[in-house]
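Right, I'll just put the structure down here and ask away after.
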Amino acid sequence: MNIQKAIGAGLLVFAFQFSFVSVLNTVVTPFLIQFQAGNFVAYAWQVFIAAVFVAIVYFVARWYFSGNKVDVLHGFYLGVMVTLVNFVINLLQALPFIVYGENVWFQMSDYFKSFGFWVTVILTVFAAMFAGFMGARKKAEACNVENAIGSCMPTNEGDNVTVAESYNNAEQSQTDDTQVDKSEISKENN
C-alpha cells in the first residue's frame, strides 16, 4: 500500500466532501427551513449527502488504484486510511476551540457516538472495497482478453504484465538472442 498516496486520497475525499456538502448545505438548508420540510425530506437529504459521499470515495479510490495494486483487501486498507485521515482532520478542526478553553469534548463525543458517523465509516470502507473489487475485475477481464492474443504474461509474483511491459520483455529477449547468435558466429569464425 502506498501510504503517501492513501493519505492524499484521504485529504482529497475530505476536501471534496467538505466543499461539496458545504455548498449544498448553504443552498439547500435555508430552503428546507423556509418551507418547514418534514422529517421525510430531512432524511432524504441525509441519504442524498451519503450517496454523494460514497461517490466521492469511490472515484477517489479509483484514482488511487490507477497506479497501485488493485484488490478488495487493498480497498479495505484504503477505506480505513481515508477514515483515519478524516478522523484526524476532524480532531484538528476542534483544536482551536480546545486551546481557547471551550468545552468541545461533549459535542465531539456525541458526534463520534452518533449512528450517522458509524454509517459514514462503514460506507467509506465499503466504497473503497468496491472500487478495489471493480478495479481487480476490470484488470482480470483485460488480462483474459490479452491472454487470448498471447500478450499478457504472468510474472514471478503472479501479477499480470501490461502489454507495453510484455512487448519490452519480448524485445529484450530478442536482443539477448541476437547477441548470443553474434557471439556464436564470432566463435565459429575463429
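The values are calculated or read from the model by the stated rules, or taken from the named source; none is laboratory data. Worth saying up front: this structure is predicted, and the values here are computed from it rather than measured. Note that we place each Cβ from the backbone using ideal geometry, even for glycine, and neighbour counts take in every protein chain shown.
May I ask you to say which residue of Ala50, Ala15, Ala9 is assigned to a helix (DSSP H, G or I) and under 11 Å from the mean Cα position of the chain (by Cα)?
Among Ala50, Ala15, Ala9, only Ala9 is assigned to a helix (DSSP H, G or I) and under 11 Å from the mean Cα position of the chain (by Cα).
Another question, if that's okay. Of all residues in the range 93-125 being surrounded by 12 or more Cβ atoms within 10 Å (Cβ to Cβ) and aromatic (Phe, Trp, Tyr), which is farthest from Val57 (Cα to Cα)?
The residue in question is Phe97.
May I pose another question? Would you confirm whether any residue within the range 158-167 is β-branched (Val, Ile, Thr), at pLDDT 50 or above and not in a loop (DSSP other than H, G, I, E, B)?
no
Output the number of the condition that Val28 fails; it satisfies all remaining conditions of (1) modelled with pLDDT of 80 or more; (2) among the aliphatic types (A, V, I, L, M); (3) surrounded by 15 or more Cβ atoms within 10 Å (Cβ to Cβ).
Single failed check for Val28: (1).
Within the group Val70, Val27, which residue is in a helix (DSSP H, G or I) and of a type outside the set (S, T, N, Q)?
Just one listed residue meets the conditions, Val27.
Looking at the range 46-82, which of its residues are closer than 16 Å to Thr120 by Cβ and modelled with pLDDT under 90?
Gln46, Val47, Phe48, Ile49, Ala50, Ala51, Val52, Phe53
Then there is this: Which of the residues that make up the range 97-121 are under 25 Å from the mean Cα position of the chain (by Cα) and aliphatic (A, V, I, L, M)?
The answer is Val119, Val121.
A quick yes/no check of all residues on (1) modelled with pLDDT under 70; (2) within 21 Å of the chain's Cα centre (by Cα); (3) outside any helix (DSSP H, G or I):
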position: Leu84; (1), (2), (3): no, yes, no
position: Leu95; (1), (2), (3): no, no, no
position: Leu123; (1), (2), (3): no, yes, no
position: Ala140; (1), (2), (3): no, yes, no
position: Ala148; (1), (2), (3): yes, no, no
position: Gln174; (1), (2), (3): yes, no, no
position: Ile185; (1), (2), (3): yes, no, no
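Moving on. Taking the condition of being closer than 14 Å to Phe14 by Cα and in contact with a helix residue (DSSP H, G or I) (Cβ under 7 Å, 6 or more places away or on another chain), how many residues in the range 88-116 meet it?
1
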